[in-house]
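Structure first, then comments.
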Amino acid sequence: MKHGFIKAAAITPDLKVADPVYNSQVICQKIEEAEKEGAVLLVFPELCISGYTCHDLFLQETLLVACKEQLQKIAGFTRGKNCIAFVGLPLEKDGKLYNVAAALHDGEVLALIPKTWIPSYGEFYETRHFQRGNETPVFVELFEKQVPFGTHILLTAENIGGFTIGCEICEDMWVPASPGQSAALAGATVIVNLSASNETIGKEAYRRLLVRSESARFLAGYIYASAGEGESTQDLVFGGHDLITENGTVLAESRRFQNEIIYGDIDIHRLSMERRRMNTFALEKSSDYLTVGFWLKIEETRLTRSFARQPFVPSDRKEREERCNEILMIQSMGLKKRFAHTGCQKAVIGISGGLDSTLALLVTVRAFDMLGLPRGNIYAVTMPCFGTTDRTYDNACKLTKTLGATLEEIDIKEAVTIHFRDIRQDMENHNVTYENGQARERTQILMDIANRENALVIGTGDMSELALGWATYNGDHMSMYGVNAGVPKTLVRHLVAYYADTCENETLSAVLRDVLDTPVSPELLPPVEGKISQKTEDLVGPYELHDFFLYYMLRCGFEPEKIYRIARKTFTGVYEDEVILKWLKTFYRRFFAQQFKRSCLPDGPKVGSVALSPRGDLRMPSDASAACWLAEVEKLQQTCKIKENDIL
């Protein structure tokens with residue numbers, strides 16, 4: 001449970017209809033199996049002790065007594081086990097019968113939560129047997145103890161912050177205002193659903209959509225366990241469709257018609273962060289909710305969930321292509337509006353032959369096409385200097401000409417040399433002044449050409465560079481509209497690749513592919529034997545690591561230790577642990593130190609869930625201290641001696 005990960009299990013056991021003794025034996029076996037796998041939250045189907053399809057046998061005293069006896073045995077079986085389990089059974093109270101979920105922990109029945117919505121439509125006829133459950137909890141005597149009975153009950157792990165469980169049963173999820181919604185607003189971060197949902201054509205997809213939607217709207221984890229094979233097939237077939245979701249994402253899903261256990265690692269810390277972030281999610285601490293506490297032994301969950309190496313980039317090709325097209329449209333529409341508002345009909349863009357300026361030019365071309373402006377009004381300016389290589393120069397020229405923009409070449413070597421003489425900068429001293437002097441000279445030229453042509457300067461820097469501060473202040477840091485400001489470096493590559501794959505111009509496609517193969521570099525240091533000598537990722541670290549760090553820090557609110565943990569798991573065999581820690585420290589150091597560059601960021605469109613604009617997503621002081629974050633990383637460097645048997 002370290003770092004907020006709670007391993008949950010949705011379990012569909014093999015049952016026999018109306019045989020509680022047999023069913024309880026199977027349930028206990030599954031509890032044993034799931035608990036050994038580290039699951040601490042176990043959810044079984046609706047009426048699993050009796051079987052859902054007992055029909056009028058629910059009215060038989062023999063069955064009801066047997067179910068109650070087996071509930072006691074199952075509860076006793078949980079004694080000493082590090083889990084809380086939810087099982088379903090028919091239970092009589094005050095002469096009426098209820099469809100109930102029993103919460104079991106350490107040998108005790110903690111609570112009895114009845115079903116709220118009792119369906120009697122289509123194939124369902126539950127009102128023949130069951131009553132609607134009461135909301136406000138009352139206490140009933142069960143096994144010589146007083147146990148709360150009602151729908152408004154929350155179960156809270158008192159030693160695990162943020163782990164609070166709400167419960168609903170099958171039909172409860174399908175109604176407009178579900179009990180799960182009420183429980184989430186009362187503080188539940190995880191909703192469990194004990195279900196018996198039969199299979200009909202198309203119902204699987206709709207059921208999955210509902211479960212995902214519930215978890216997304218509630219900002220919660222959602223465990224859905226449904227009845228499967230073993231139920232009567234007299235009129236219906238049950239597929240055992242189990243789902244574990246978190247905030248709209250499916251963490252685990254069972255194969256239908258194959259009774260099994262699925263596991264999912266729900267991150268309750270992330271859910272709590274999402275609720276803090278979304279001020280429109282308003283908790284309503286209702287006085288009629290009863291909170292029942294329980295304790296779990298704190299252990300480190302063995303993670304089975306995976307984390308995308310490139311969280312900004314969809315892994316599915318079709319989805320990735322759709323995303324790329326949408327992003328290009330967002331960028332282009334943002335720029336289109338800026339031109340329409342200002343009345344400008346010309347653009348100036350510094351073209352280097354690298355990825356970022358290539359993407360910016362492609363976006364500008366698309367915006368001009370939308371506006372009906374001639375592409376010749378785009379001035380693509382190449383400004384070779386001391387670090388420019390033939391490869392990038394040639395690609396910049398080919399790209400501009402192929403797209404139909406106007407190429408303007410201005411060699412800045414002489415101007416920079418004179419400037420260095422004026423400020424007494426030694427030409428042999430390749431320090432930050434040597435590098436930034438070139439970047440600022442280029443920006444000055446772009447701005448002055450824009451004045452000359454009554455044009456707008458289009459920024460090329462991407463979000464990853466802004467996060468690291470890898471930009472020259474008042475150099476490439478500045479523009480009149482930064483089209484790439486919301487696009488991380490790992491996504492820039494895919495956007496250019498998508499353009500190369502979908503454009504019908506073979507010459508353009510070939511140029512774009514060569515740009516993709518070119519090492520990322522600002523080209524501010526002299527080349528070695530005609531090749532790029534200054535590779536960005538050698539200096540600041542791999543962008544796939546930094547984008548990974550950026551996403552899980554800003555979007556998920558993870559602390560350094562947690563980011564390191566999931567990075568180790570994700571990049572096993574790619575980067576050594578020491579390398580990950582090295583660049584994690586670099587990330588935090590640079591992210592905090594370079595906020596002043598982001599505080600005066602030019603306008604640019606947000607395209608994803610993470611953005612760095614000081615006017616939107618990141619309201620951060622420029623002089624904030626990184627001490628807490630760096631101290632945690634340094635502690636990891638000192639104490640995390642990786643052993644072969646470490647649990648990830």
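Odds and ends about this structure:
- Residues (open to solvent by less than 10 Å² (accessible area, probe 1.4 Å) and assigned to a helix (DSSP H, G or I)) located in the stretch 183-235: ALA183, ALA184, ARG207, VAL211, GLU214, SER215, PHE218
- In the stretch 441-547, counting only helices (runs of 4 or more DSSP H) that sit wholly within it, the ones holding 2 or more residues that are among the small types (Gly, Ala, Ser) span 463-468, 489-502, 506-517.
- Selection count where residues are in a helix (DSSP H, G or I), loosely packed, with under 15 Cβ neighbours inside 10 Å and touching a residue at least 40 places away in the same chain (Cβ under 8 Å), scope the stretch 607-634: 1
- PHE587 satisfies every condition listed in (1) within 24 Å of the chain's Cα centre (by Cα); (2) surrounded by fewer than 20 Cβ atoms within 10 Å (Cβ to Cβ) except (2).
- Candidates ALA34, ALA9 - the one that is open to solvent by less than 10 Å² (accessible area, probe 1.4 Å), in contact (Cβ under 8 Å) with a residue 40 or more places away in the chain and within 25 Å of the chain's Cα centre (by Cα): ALA9
- Test: residue in the stretch 122-130 that is farther than 21 Å from VAL192 by Cα, in a helix (DSSP H, G or I) and open to solvent by 40 Å² or more (accessible area, probe 1.4 Å): yes
- The stretch 156-171: number of residues that are under 14 Å from ILE223 (Cβ atoms) and in a helix (DSSP H, G or I): 1
- Looking across the stretch 33-58, the residues that are farther than 30 Å from LYS297 by Cα and out of contact with any Ser or Thr (no Cβ under 6 Å at 6 or more places or on another chain) come down to SER50, GLY51, TYR52, CYS54, HIS55, ASP56, LEU57, PHE58.
This table checks each residue for (1) charged (D, E, K, R); (2) out of contact with any strand residue (DSSP E or B) (no Cβ under 7 Å at 6 or more places or on another chain).
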{"residue": "ALA367", "(1), (2)": "no, yes"}
{"residue": "ARG375", "(1), (2)": "yes, yes"}
{"residue": "THR389", "(1), (2)": "no, no"}
{"residue": "GLN425", "(1), (2)": "no, yes"}
{"residue": "MET447", "(1), (2)": "no, no"}
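- PHE86 vs. criteria touching a Phe, Trp or Tyr at 6+ places or on another chain (Cβ under 9 Å) and free of Cβ contacts under 8 Å to residues at least 24 places away in the same chain: no
- Only residues that are open to solvent by 10 Å² or more (accessible area, probe 1.4 Å) and among the charged types (D, E, K, R) were counted across the stretch 540-564, and they come to 4.
- So THR249, is it among the polar types (S, T, N, Q) and over 30 Å from ARG275 (Cα atoms): no
- Among the residues of the stretch 429-446, those identified as polar (S, T, N, Q), open to solvent by 30 Å² or more (accessible area, probe 1.4 Å) and under 15 Å from ALA415 (Cα atoms) are THR433, ASN436, GLN444.
- Of the candidates PHE124, PHE163, PHE130, the single residue that is out of contact with any Pro (no Cβ under 6 Å at 6 or more places or on another chain), over 25 Å from SER287 (Cα atoms), at pLDDT 95 or above and of a type in the set (A, V, I, L, M, F, W, C) is PHE130.
- For GLU168, the criteria (1) acidic (Asp, Glu); (2) within 33 Å of the chain's Cα centre (by Cα); (3) surrounded by fewer than 24 Cβ atoms within 10 Å (Cβ to Cβ) hold in every case but one, which is (3).
- Among the residues of the stretch 73-106, those identified as open to solvent by 10 Å² or more (accessible area, probe 1.4 Å) and not in a strand (DSSP E or B) are LYS73, GLY76, PHE77, ARG79, GLY80, LYS81, ASN82, ASP94, GLY95, ASP106.
So that you can scan it fast, the table gives a plain yes or no per residue for (1) under 14 Å from the mean Cα position of the chain (by Cα); (2) surrounded by 15 or more Cβ atoms within 10 Å (Cβ to Cβ); (3) at pLDDT below 95; (4) not polar (S, T, N, Q):
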residue: GLY239; (1), (2), (3), (4): no, yes, no, yes
residue: GLU246; (1), (2), (3), (4): yes, yes, no, yes
residue: VAL250; (1), (2), (3), (4): yes, yes, no, yes
residue: GLN258; (1), (2), (3), (4): no, no, yes, no
residue: TYR263; (1), (2), (3), (4): no, yes, no, yes
residue: ALA282; (1), (2), (3), (4): no, no, yes, yes
residue: LYS285; (1), (2), (3), (4): no, no, yes, yes
residue: ARG317; (1), (2), (3), (4): no, no, yes, yes
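- Check on THR136, without any contact (Cβ under 8 Å) to a residue 24 or more places away in the chain, open to solvent by 60 Å² or more (accessible area, probe 1.4 Å) and among the hydroxyl-bearing types (Ser, Thr, Tyr): no
- Looking across the stretch 38-72 at every residue that is within 20 Å of LEU110 (Cα to Cα) and among the charged types (D, E, K, R), the one that is surrounded by the most Cβ atoms within 10 Å (Cβ to Cβ) is identified as GLU46.
- Counted as qualifying within the stretch 319-420 are the strands (runs of 3 or more DSSP E) with 2 or more residues that are among the hydrophobic types (A, V, I, L, M, F, W, C) and open to solvent by less than 60 Å² (accessible area, probe 1.4 Å), namely 347-350, 378-382.
- In the stretch 12-31, of all residues being under 16 Å from SER254 (Cβ atoms) and of a type outside the set (Asp, Glu), the one that is surrounded by the most Cβ atoms within 10 Å (Cβ to Cβ) corresponds to THR12.
The values are calculated or read from the model by the stated rules, or taken from the named source; none is laboratory data. Fair warning: this is a prediction, and the values are worked out from it, not measured in the lab. Positions of Cβ are backbone-derived with ideal geometry, glycine not excepted, and every protein chain shown enters the neighbour counts. Calculation scope for accessible area: heavy atoms of the full protein, side chains included, ligands and nucleic acids excluded. Shrake-Rupley method; radii C 1.70, N 1.55, O 1.52, S 1.80 Å.
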